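Report on the structure given below.
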Amino acid sequence: MRILRYPDPGLKQRAVEVDPVADPTLRDLVARMARAMYDAEGIGLAATQVGVLKRVIVYDLEDGLHALCNPRIVERSDDLEEGEEGCLSVPGISVPVRRSASVVCEGVSLDGKRVVIEAEGLLARLFQHEIDHLDGTVILDRLDPEQRKAALKAYHEAQSQSA
């Protein structure tokens, strides 16, 4: 399973909600996404990053693999934190992104059970980042024009060095 790289148009597409009970392909999708995420040494991956327009994310913050269907932020703190973010679809660079310091994320497990997660720090940032992907947004879209120009230059340089 290949991870799409910016500027692949697939990264701009919005994913559709899934019914994990009715969709028997989701477990296999999650397994393949997890393999791709681990192979790329990432901590999170959205289905849109592998060209699948389903609202599914996988993540592992060193506490085991988690999968969440139809994740959405239902509450966010007013406190914002700026932090460096990398992205498996924009490899080789990290950029400063302002995000809510804490969020409440709701979703559905692969078994169809409702899941509510109160998250702060890196987990809160991860949920916001991956849900952005499901909505067709990449970290470069979160930058002002000057930051974006510098980030794109660094990205192109990183890509030419790894080619």
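When the test is whether a residue is without any contact (Cβ under 8 Å) to a residue 24 or more places away in the chain and hydroxyl-bearing (Ser, Thr, Tyr), Tyr59 does not pass it. Taken over region 107-163, the criterion of being outside any helix (DSSP H, G or I) and among the β-branched types (Val, Ile, Thr) is satisfied by Val108, Val115, Val116, Ile117, Thr137, Val138. Candidates in region 62-105 are the residues that are among the charged types (D, E, K, R) and exposed (fewer than 14 other Cβ atoms within 10 Å of the Cβ); of these, the one that is nearest to Arg2 (Cα to Cα) is Glu62.
Considering Glu85, Glu75, the condition of being closer than 26 Å to Lys12 by Cβ, in contact (Cβ under 8 Å) with a residue 12 or more places away in the chain and of a type in the set (Asp, Glu) is satisfied by Glu85 alone. Beta carbons closer than 7 Å, at least 6 apart along the sequence or on distinct chains, pair a first residue in region 13-38 that is closer than 16 Å to Glu130 by Cβ with a second that is acidic (Asp, Glu) and part of a loop (DSSP other than H, G, I, E, B) for Arg14/Asp135.
Restricted to region 133-156, and to residues that are in contact (Cβ under 8 Å) with a residue 24 or more places away in the chain and charged (D, E, K, R), which residue is nearest to Asp60 (Cα to Cα)? Residue satisfying both the conditions and the ranking: Asp135. Examine region 129-152 for a residue that is under 16 Å from the mean Cα position of the chain (by Cα), buried (at least 16 other Cβ atoms within 10 Å of the Cβ) and on the phi > 0 side of the Ramachandran plot, and state whether such a residue exists. Yes, region 129-152 contains a residue that is under 16 Å from the mean Cα position of the chain (by Cα), buried (at least 16 other Cβ atoms within 10 Å of the Cβ) and on the phi > 0 side of the Ramachandran plot.
Scanning region 8-20 for residues that are of a type outside the set (Lys, Arg) and either at pLDDT below 95 or exposed (fewer than 14 other Cβ atoms within 10 Å of the Cβ) (or both) yields Pro9, Val16, Glu17, Asp19.
The values are calculated or read from the model by the stated rules, or taken from the named source; none is laboratory data. Because the structure is predicted, anything quoted here is derived from the model rather than measured. Every residue, glycine among them, receives a Cβ derived from its backbone with ideal geometry; neighbour counts consider all protein chains shown.
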